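Below is one structure, written out as structure tokens, with a few remarks after it.
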Amino acid sequence: MTAFYELTANRINGQPQAMRDYEGKVILVVNTASECGFTPQYHGLQALYAKHEAEGLVILGFPCNQFGGQEPDANVQIAQTCEINYGVSFPMFEKVDVNGDNSHPVFQYLTQALPGLMGKKIKWNFTKFLIGRDGQPIKRYAPTTTPDALEKDVVRALNGPV
């Protein structure tokens, strides 16, 4: 299986981003959507990021339109919505598929490493994956798991081995 740090993804502005650039950080990968019932989690994700960024947390947001068409906008509009409505300052990436033949390699890797209730599929928007400083996936969280509810795991990962 490909290691997480070998993967790349395009930032929401189209610039390629190597996951290797996040080596040594605790990473929370989230598939997001701007018109979902869970969209207010952006506030909690931003608060978690602001609180723990200096300790080495990075949150990576990946918009996805595969669930109920809840992310219909283009990347430019998604970026504006995240910044204006939710104050998002953590890295956002281009809209991707998280399931199926065209799923992004980041999600292929994470669903392989941490299958959920639906196996290697993602159930809905705001599914979250916690990755340790060593690049190893630690835990998968359901869309209903709020950023507050997973903070203890983030702190544990931040305080764990480098």
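Specify which of the listed residues (F90, F62, F38) is under 27 Å from V155 (Cα atoms) and out of contact with any strand residue (DSSP E or B) (no Cβ under 6 Å at 6 or more places or on another chain). Spell out how you get there, then give the answer.
Values: F90 fails: out of contact with any strand residue (DSSP E or B) (no Cβ under 6 Å at 6 or more places or on another chain); F62 fails: out of contact with any strand residue (DSSP E or B) (no Cβ under 6 Å at 6 or more places or on another chain).
Matching residue, one of F90, F62, F38: F38.
So that you can scan it fast, the table gives a plain yes or no per residue for (1) surrounded by 17 or more Cβ atoms within 10 Å (Cβ to Cβ); (2) among the charged types (D, E, K, R):
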| residue | (1), (2) |
| --- | --- |
| I122 | yes, no |
| G135 | yes, no |
| R140 | yes, yes |
| T145 | yes, no |
| V155 | no, no |
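Looking only at region 1-23, count how many residues are surrounded by 13 or more Cβ atoms within 10 Å (Cβ to Cβ), outside any loop (DSSP other than H, G, I, E, B) and of a type in the set (A, V, I, L, M).
Of the residues in that region, 2 qualify.
In region 7-17, how many are in contact with a helix residue (DSSP H, G or I) (Cβ under 8 Å, 6 or more places away or on another chain) and farther than 20 Å from N99 by Cα?
Of region 7-17, the ones in contact with a helix residue (DSSP H, G or I) (Cβ under 8 Å, 6 or more places away or on another chain) are 7-9, 12-14.
Now restrict to residues that are farther than 20 Å from N99 by Cα: 13-14.
Qualifying residue count for the region: 2.
At least 2 residues that are more than 12 Å from L28 (Cβ to Cβ) and among the basic types (K, R) in each: list the helices (runs of 4 or more DSSP H) lying fully within region 57-162 that qualify. Steps first, answer last, please.
Numbers: elements: 75-86, 105-113, 147-159.
The helices (runs of 4 or more DSSP H) meeting that bar are 147-159.
Would you mind finding the one in V58, V155, V76 that is out of contact with any Lys or Arg (no Cβ under 8 Å at 6 or more places or on another chain) and at pLDDT 95 or above?
Details: V58 fails: out of contact with any Lys or Arg (no Cβ under 8 Å at 6 or more places or on another chain); V76 fails: at pLDDT 95 or above.
After ruling out the rest, the residue left standing is V155.
Give me the residue from region 86-112 that is at pLDDT below 90 and out of contact with any Cys (no Cβ under 6 Å at 6 or more places or on another chain) and, out of that set, farthest from P72 (Cα to Cα). Break it down into steps so the answer makes sense when it comes.
Just the residues of region 86-112 that are at pLDDT below 90, to begin with: 86-88.
Checking the rest, the ones that are also out of contact with any Cys (no Cβ under 6 Å at 6 or more places or on another chain) come to 86-87.
Details: Y86: 18, G87: 20 Å.
Checking each candidate, the answer is G87.
Is it true that P91 is surrounded by 20 or more Cβ atoms within 10 Å (Cβ to Cβ) and either of a type in the set (A, V, I, L, M, F, W, C) or within 14 Å of A9 (Cβ to Cβ) (or both)?
Spelling it out, it is not the case that P91 is surrounded by 20 or more Cβ atoms within 10 Å (Cβ to Cβ) and either of a type in the set (A, V, I, L, M, F, W, C) or within 14 Å of A9 (Cβ to Cβ) (or both).
Against the conditions (1) of a type outside the set (S, T, Y); (2) loosely packed, with under 14 Cβ neighbours inside 10 Å; (3) touching a residue at least 60 places away in the same chain (Cβ under 8 Å); (4) over 19 Å from V155 (Cα atoms), where does A33 fall short? Just the number, please.
All conditions are met except number (2).
Residue under question is A54, and the condition is that it be surrounded by fewer than 16 Cβ atoms within 10 Å (Cβ to Cβ), without any contact (Cβ under 8 Å) to a residue 40 or more places away in the chain, at negative phi and not in a strand (DSSP E or B); does it hold?
Values: surrounded by fewer than 16 Cβ atoms within 10 Å (Cβ to Cβ): yes; without any contact (Cβ under 8 Å) to a residue 40 or more places away in the chain: yes; at negative phi: yes; not in a strand (DSSP E or B): yes.
Judged against the criteria, A54 is a match.
The values are calculated or read from the model by the stated rules, or taken from the named source; none is laboratory data. In this text, all values refer to a predicted model and were calculated from it rather than measured experimentally. Every residue, glycine among them, receives a Cβ derived from its backbone with ideal geometry; neighbour counts consider all protein chains shown.
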